[in-house]
Structures are given as C-alpha cells and as structure tokens.
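**Student:** What follows is a structure written as structure tokens; I'll ask about it next.
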Amino acid sequence: MSNTGILSIDQGTTSSRAIVFALNGHQIANAQQEFTQHYPANGWVEHDVEEIWSTTLDSCKTVISQATNKGVDIACIGITNQRETTVVWNKDTGKAIHPAIVWQDRRTAGYCESIKDREAMVNSKTGLLLDPYFSASKIKWILDEVQGARRLAIKGKLAFGTIDSFLIWRLTNGKAHVTDATNASRTNLFNIHTQQWDEDLLTLFDIPPCILPEVLDCAAEFGTCDPSILGKDYRITGVAGDQQAALVGQSCFSPGDLKSTYGTGCFALLNTGDTPVSSSHKLLTTVGYRLNGKTTYALEGAIFTAGANIQWLRDGIGVLQHAKQSQVLAESLDYDHGVFLVPGFAGLGAPHWNPNARASLFGMTRATGPAHFARAALEAVCYQSHELQTAMRKDGVSSNNVWVDGGMVANDWLCQFLCDILQVEVQRPKIMESTALGAAFLAGLQAGIYESLDEISAVKTVDRVFIPELGDKTRQRLLKKWALAVKATLAFAE
C-alpha cells in the first residue's frame with residue numbers, strides 16, 4: 001500500500017484546505033484557499049456557504065490531481081470542520097436559506113439569557129453551557145427570522161447541518177444527511193449520555209427533529225462521493241469536528257492526555273476516558289471521539305481568539321505586515337514591557353463565558369509600538385491557556401505535559417512562553433497538521449488501512465520539547481497583572 005493516500009478535507013473558519021496524506025502521516029499534496037469573513041452587524045459573523053463549497057471543492061481537485069501525478073491512489077476521504085457553525089439548506093435545491101452563522105457569532109446572546117433558568121438541564125444532558133457559541137440558538141434564529149423557514153422545516157423540506165454535514169450532502173449529491181458524534185455533541189441538542197438527539201432540548205429550542213442529520217461514529221460509512229463531483233466514487237469514512245480531530249491526530253488516546261490547538265481560536269481538550277467529567281469551572285464536557293459505538297469523553301476549554309489576534313494586528317489595524325513578524329517583534333522586548341491585551345473580540349470563553357466582553361488594551365505609553373502589540377497578543381493566548389489549565393486542575397483532572405498544534409505553534413517564542421507560564425513540558429509534533437491528520441486517521445481506520453489506535457499512535461513523532469525556564473517570581477508577577485486586566489475588562493462589560 002506504499003502508493004496509497006488518504007484525502008483529508010479540513011474546512012476551517014478562515015480557509016478551506018485539502019491534504020493527501022501518506023499512511024505514515026507525511027503530506028503528499030496540500031492546497032488551501034482563504035474565504036471571506038462577513039460581519040453584517042456588531043457581534044455577528046457569517047460565511048457564504050457557496051464560497052465554503054467552492055474553496056473546498058477547488059482545494060480537493062488540486063490535491064487529487066497532484067497526488068495522481070505522483071502515482072498515488074486515494075483510498076478514502078476524511079472530513080474535519082469548524083464546529084458549531086450552522087447551515088440550514090433546502091433539500092430540493094441544496095441551497096442554504098441563509099448564510100452560515102459562524103461559531104463566533106453572538107447574535108443570540110439575548111435569547112440564551114432569556115432561558116438561562118434552563119441551563120442546568122442543558123448542561124446535564126449536553127455537557128455544554130447555554131451560550132450563543134453552540135448551534136441550537138443559531139438554528140432557532142434562522143427558522144424564526146428567514147421568511148417561511150419554519151413552515152418549510154415542519155414540512156421536512158429543510159436540513160440542518162454543521163459544515164461536515166453540508167459538505168457530505170454536496171459530495172454525495174444529496175444522498176447522505178449525516179454527521180458524527182463529535183459535531184453532534186456541539187449543538188446543544190445532543191444528549192452525550194444517551195448518544196441521541198434529545199426531545200427535551202429540541203422542545204426547548206423549538207426545532208423540528210426532521211431537519212437533523214443521522215449521527216454516526218467518527219469512523220463509519222458516511223456516504224460515497226458522486227463521481228461527477230471529484231471524478232471518482234470515493235468513500236467518506238471518517239469525520240470529526242476540528243478539535244476532536246486534533247485529539248486523534250495527536251494520538252491522545254489515554255485518560256490524562258492533553259492537546260491544545262492554536263488556530264483561529266485556541267482549544268484545549270483533555271481525554272477523560274469513558275467517564276464524562278462534569279466541570280464546576282465552566283469547562284465543557286464533550287465527546288472526544290466515538291468508535292465502534294464506544295464513547296471517549298473529553299474536558300474542553302475554549303479561547304475564542306488566538307491566531308485571530310495576530311490576524312487583527314495584520315489585517316485590522318496594519319501593525320504587522322505578515323504573521324511571522326510577530327515572533328521577531330516579541331523577542332525584541334523584555335518581560336516587563338507592561339502592555340496587556342485581553343482579546344475579547346468575540347466575548348471571552350472559558351472559564352469566564354462572557355459574551356458581552358470586548359477586547360481591552362492596558363499599559364500603553366507614548367513609547368508603545370508594534371512590538372508591544374505583537375507580544376501582548378501572543379502572551380494573551382498563553383495567559384488564557386493558564387486559565388484553562390487552572391480550571392482543569394480545580395475540576396480534578398490534569399496533565400504533566402501538553403501536545404500543541406496549529407499554525408501559531410510554528411512560533412518558537414510562543415511555545416517557550418507557553419511552557420514558562422504553564423510550567424509543564426510543551427511538545428510539538430513534526431507533523432503539524434494534527435487536525436487534518438486526525439480526520440485521515442479516522443478515515444483510514446474505517447477503511448481498514450489502520451488496524452488499531454496503537455498503530456495510529458506509532459505514527460506520531462516529536463519535533464521539539466520545550467522545558468520551563470522563566471523564574472517563578474517573574475511568572476507570578478505577570479499572571480497577577482493579567483488577572484487585573486481581565487477583571488477590569490469584565491467590569492467594563494457589565
């Protein structure tokens with residue numbers, strides 16, 4: 001099987017990527033296209049569903065051509081996707097009835113607040129909080145606000161899906177309306193204990209069950225591509241939401257294994273085995289992966305903006321010309337530079353969960369310049385990671401090291417500062433595309449290419465291990481100042 005490859009579709013928040021992996025995890029072909037972010041109102045974030053489809057399709061066609069030219073035969077397809085982002089489409093036309101409402105979108109904050117007395121019930125069934133972040137309130141908004149939508153939904157004419165479901169529908173030419181357990185677990189409609197769509201939750205959010213996809217294991221038969229789409233009837237055999245896919249890609253298969261992905265946002269997932277750990281510190285209990293009907297759970301902490309902070313510096317205010325410049329600028333300053341950024345651009349995630357928070361910048365003087373902005377943006381991600389680590393420990397679970405991945409961790413300075421703030425080893429893998437790799441592993445598992453999780457674990461190799469170096473006095477001083485900045489930001493939000 002030396003000429004066998006697996007196509008992984010990685011549909012993210014800011015770009016659509018396709019990668020063909022060899023069975024040892026190395027890349028054979030890679031294509032990526034960015035797409036437009038739409039902000040129609042304060043706190044609203046949308047994507048053009050057709051642009052998501054076209055960028056995904058073009059990326060797939062490019063890598064299939066590249067792989068074919070190298071004599072590689074693609075055995076199957078895995079899909080990983082931005083989670084919670086919500087699409088509702090017409091089953092007859094295949095067209096979305098409204099732009100995709102992105103996970104970062106806060107338009108339903110008022111509605112979620114109005115049913116806050118039901119949060120205990122929602123949390124007990126889903127492991128999640130009652131927040132605009134998740135799909136349920138977004139679905140309700142579309143059904144309520146798009147003229148005629150609810151009537152069509154009740155008639156069975158509409159379909160809901162997270163991005164994985166929508167892509168599968170298109171790839172199979174409307175023959176498969178499915179999702180996997182990880183994506184389902186991010187909707188606020190899925191009972192993670194019974195592993196079923198929950199009647200009480202559907203009633204709470206007033207959502208007709210007929211619009212929901214069938215929920216499968218992460219490694220399963222999701223459908224077969226229509227040959228007119230990609231030129232061949234490829235099997236789609238693996239699906240997981242992006243953060244859970246990274247958990248698999250990092251081979252975090254044992255309880256206590258922790259991975260932290262630094263992409264547009266930052267998401268830390270800790271494997272808790274077959275036990276769903278209920279958090280008292282606003283972390284999320286979620287499905288880590290489900291294989292052969294057996295669910296492995298994870299405890300998750302979410303930071304809404306990570307790489308997006310750097311993107312803002314580059315595209316929003318022009319402080320950076322390119323993202324890689326941030327490392328050089330950060331290295332030019334001492335630890336006592338005095339500037340702190342609390343990046344509440346889309347509210348603050350765990351452990352605060354405040355949708356009204358907005359970004360704040362503290363400690364500026366006339367001498368403040370691009371280097372301070374860049375370093376404060378990078379440091380903020382590490383301080384927030386420390387907040388997640390602290391919350392996990394208070395919930396009774398922890399890890400002695402953390403596997404990192406995502407575009408940001410190519411920055412050595414960031415990895416070292418993260419290590420210093422967390423005071424644990426930070427391990428960076430050689431194969432950095434852990435999210436896409438995880439989807440490929442799942443697809444290969446179902447296709448019989450990999451026989452077990454142990455065989456998948458053997459693929460993982462370490463690029464570099466970072467060891468804590470920062471003195472505790474300096475570390476504590478920085479964390480104290482960060483805590484004051486967060487307190488002030490939350491006070492302003494009130």
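Values in this text are rule-based calculations from the coordinates and carry no lab data. The model shown is predicted, which means the values in this text are computed figures rather than measured ones. Positions of Cβ are backbone-derived with ideal geometry, glycine not excepted, and every protein chain shown enters the neighbour counts.
**Student:** What ³J(HN,Hα) values, in whole Hz, does the Karplus curve 6.51 cos²θ - 1.76 cosθ + 1.60 give for the stretch 185-191 when θ = phi - 60°, with x put for Gly and Pro?
**Tutor:** Karplus-based 3J(HN,Hα) across the stretch 185-191 equals 6, 9, 9, 6, 10, 10, 7 Hz.
**Student:** Then there is this: With a cut-off of 8 Å between alpha carbons and a minimum separation of six or more residues, what is the relative contact order of the chain in percent?
**Tutor:** Worked out over the chain, it gives 14 percent.
**Student:** Please quote Rg/Rh for the stretch 4-243 to two decimal places, taking the Kirkwood radius as Rh and restricting both calculations to Cα atoms.
**Tutor:** On the way: Rg = 17.8 Å, Rh = 18.2 Å.
A ratio of 0.98.
**Student:** So, in Å, what gap is there between the alpha-carbon centers of the stretch 404-471 and the stretch 65-142?
**Tutor:** 26
**Student:** Which whole-Hz couplings ³J(HN,Hα) result when phi for each residue of the stretch 149-166 is put into the Karplus expression 6.51 cos²θ - 1.76 cosθ + 1.60, θ = phi - 60°, listed in order with x for Gly and Pro?
**Tutor:** Couplings: 5, 5, 4, 5, 4, 4, 7, x, 8, 10, 10, 9, x, 6, 4, 4, 4, 5 Hz.
**Student:** Determine, for each peptide in 176-186, 328-338, the mean count of other beta carbons within 10 angstrom over its residues, then list the peptides with the highest first.
**Tutor:** Descending packing order for the listed peptides: 176-186, 328-338.
**Student:** Measure off 7 Å from each Cα along the Cα-to-Cβ vector at A41 and L479, then give the distance between these two points in nanometres to one decimal.
**Tutor:** That separation, rounded to one decimal, is 4.1 nm.
**Student:** Still on this structure, I have one more. If neighbour count is taken as other Cβ atoms inside 10 Å, put H322, H372, H193, H98 in order from fewest to most. Working shown, then result.
**Tutor:** On the way: H322 8, H372 24, H193 14, H98 18.
Ordered from fewest to most neighbouring Cβ atoms within 10 Å, H322, H372, H193, H98 come out as H322, H193, H98, H372.
**Student:** So what is log10(I(q)/I(0)) for the stretch 254-411 at q = 0.08, 0.10, 0.13 1/Å, when the Debye sum runs over its Cα atoms only?
**Tutor:** Each listed q corresponds, in turn, to -0.26, -0.40, -0.64.
**Student:** Oh, and also: With N set to the residue count of the chain, report its C-alpha Rg divided by 2.2 N^0.38 Å to two decimal places.
**Tutor:** The chain yields a ratio of 0.93.
**Student:** Using Stokes-Einstein with the Kirkwood hydrodynamic radius over Cα pairs, what translational diffusion coefficient do you get for the stretch 445-485 at 25 °C and a viscosity of 0.890 mPa s, in µm²/s rounded to a whole number? Don't skip to the end; give the middle numbers.
**Tutor:** Working: Rh = 14.4 Å.
Translational diffusion coefficient: 170 µm²/s.
**Student:** Please arrange I19, I456 by counting, for each residue, the other beta carbons lying within 10 Å of its beta carbon, fewest first. Spell out each step's value before the answer.
**Tutor:** Numbers: I19 26, I456 23.
The most exposed by this proxy come first: I456, I19.
**Student:** Okay, next question. Which order do the peptides 145-154, 282-291, 202-211 come out in when sorted by mean C-beta neighbours inside 10 angstrom, highest first? Intermediate results must be reported in sequence, preceding the final value.
**Tutor:** Details: 145-154: 14.9, 282-291: 24.3, 202-211: 16.7.
Descending mean neighbour count gives 282-291, 202-211, 145-154.
**Student:** Can you sort I74, I317 by how many other beta carbons sit within 10 Å, fewest first?
**Tutor:** I317, I74
**Student:** Mind putting a number on the dipole of the chain about its Cα centre? Charges go on the C-beta only, +1 for Lys and Arg and -1 for Asp and Glu, and I need it in Debye to the nearest 20.
**Tutor:** Approximately 620 debye in magnitude.
**Student:** How do the peptides 44-50, 125-131 rank, highest first, by the average count of neighbouring beta carbon atoms within 10 Å per residue?
**Tutor:** 125-131, 44-50
**Student:** So if we plug the beta-carbon distance of E221 and D92 into 1/(1 + (r/R0)^6) with R0 = 22 Å, what FRET efficiency do we get, rounded to 0.05?
**Tutor:** 0.30
**Student:** Between T365 and K70, what FRET efficiency comes out of the Förster formula 1/(1 + (r/R0)^6) with R0 = 51 Å and r the beta carbon distance, rounded to 0.05? Each step should come with its number before you reach the end.
**Tutor:** Details: r = 55 Å, r/R0 = 1.08.
E between K70 and T365, to the nearest 0.05, is 0.40.
**Student:** Let me ask something else. R0 = 56 Å: FRET efficiency of R464 with T203, Cβ-based, nearest 0.05?
**Tutor:** Computed FRET efficiency for R464 and T203: 0.65.
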